[in-house]
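**Student:** Take a look at the following structure, please.
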Amino acid sequence: MTRSLTQIVALHLSVLPDGDLSLLDQADTVVIPGWRGPDAPVPDDLAAALRAAHMRGARLVSICSGAFVLAATGLLDGRRATTHWHHTDVLARTYPEIRVEPDVLYTEDERLLTSAGSAAGLDLCLHVVRQDFGARIANQVARRLVIPAHRDGGQAQFIPRPVAKHAGRRLATMLDMIRGRLHEHWPVERMASEAGMSPRGLHRHVCDATGLTPLNWLLNERVARARELLEETRLPVAEIAHVTGFGSEAGFRKQFRRITGLTASDYRRRFDATE
């Protein structure tokens, strides 16, 4: 019997710098895409150059383990920061002056931005693009990269467990149906009936799938849809509150601000893609 073999060729790539630390004197934004490891020392000249750049007004952005470079500069002392969940304990233990937030995608504090792993680094970079060029350009970049156009920095870094296997297609179908009918009333009993489960079973399966209770998942989906409408349409806030299933405009505004940290009006001004 003849076997067909697939040969795998490994490409060894090298990234070589074409400048030195003096380039930081001209930079408006400095990105640290990673570091050798939490225990790897940061050269004094690099730390000094980063401090000088920040003092001059530059924005410093770290991705994943790059947070350890920013931490070594002392600039993060007393400020919020994060890194990959695997290293957050080490960061907090090594630099106790930093307010380490282990369960967020990224943080921003006085032109110092940090992110979790590589995917969260993309979210942070899109956040920077939004700040500099607006929502329309950021959305175009997101579509090109085939990633979500906007994920709040405060979202959890990861979902601990996948959808439970015994929940099967019924749960996924029910969640998709609700996303398409957010304006309707969705008590837990109705969700459970649509999924063919008991309310208690629904609670367990939705928590397994999303890390949220059914009602908190529903609330987050409604706010996510409201964000899209605020970005991409000129619908009045009252109408957005209605089509996303909030009982009142006041209730919508309260929950939107609690989850996003911005008022609906401020969010629209910041991320308007219709201009």
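**Student:** Keeping the other protein chains in place, figure out the carbon and sulfur percent of the accessible area of the stretch 193-275, with a 1.4 Å probe.
**Tutor:** 48
**Student:** Something else now. What is the local net charge at Leu112, summed over the other residues whose Cβ is closer than 12 Å to its Cβ (Lys, Arg +1; Asp, Glu -1)?
**Tutor:** Overall, the nearby charge balance is +2.
**Student:** Next up: Which residues does a label at Glu110 reach in the stretch 36-57, if reach means a backbone N under 14 Å from a point 7 Å past the Cα toward the Cβ?
**Tutor:** Flagged as within label range: 51-52, 54-57.
**Student:** Pop a pseudo-label 7 angstrom from the Cα along the beta-carbon direction at both Arg181 and Glu239 and give the gap in nm to one decimal.
**Tutor:** According to this spin-label approximation, the distance is 2.4 nm.
**Student:** How large is the translational diffusion coefficient of the chain in µm² per second when you combine the Kirkwood radius over alpha carbon pairs with Stokes-Einstein at 20 °C and 1.002 mPa s?
**Tutor:** The Stokes-Einstein estimate is 100 µm²/s.
**Student:** Using the Cβ atoms and a cut-off under 12 Å, what net charge is assigned to the surroundings of Ala192, where Lys and Arg are +1 and Asp and Glu are -1?
**Tutor:** +2
**Student:** Please list, ordered by chain and number, the residues whose modelled amide H lies under 5 Å from the amide H of Arg59; skip anything fewer than 5 residues away on the same chain.
**Tutor:** HN-HN under 5 Å from Arg59: Thr29, Val30.
**Student:** Please give the per residue accessible area of the stretch 1-128, computed with a probe of 1.4 Å over protein heavy atoms only, in Å².
**Tutor:** 60
**Student:** Averaged across orientations, what area in nm² does the convex hull of the alpha carbons in the stretch 184-258 project?
**Tutor:** In nm², the orientation-averaged hull projection of the stretch 184-258 is 5.2.
**Student:** Per DSSP helix of 4 or more residues, -39500 (n - 2.57); summed, then divided by the residues of the chain. What does that give at 222 nm, rounded to the nearest 500?
**Tutor:** Dividing the helical sum by the residues of the chain leaves -14500 deg cm²/dmol.
The values are calculated or read from the model by the stated rules, or taken from the named source; none is laboratory data. Since the structure is predicted, the reported quantities are computational estimates derived from the model, not experimental observations. Ideal geometry is used to build each Cβ from the backbone, glycine not excepted, and the neighbour counts take in all protein chains shown. Ligands, DNA and RNA are excluded from the accessible area calculation, which covers all protein heavy atoms including side chains. Shrake-Rupley method; radii C 1.70, N 1.55, O 1.52, S 1.80 Å.
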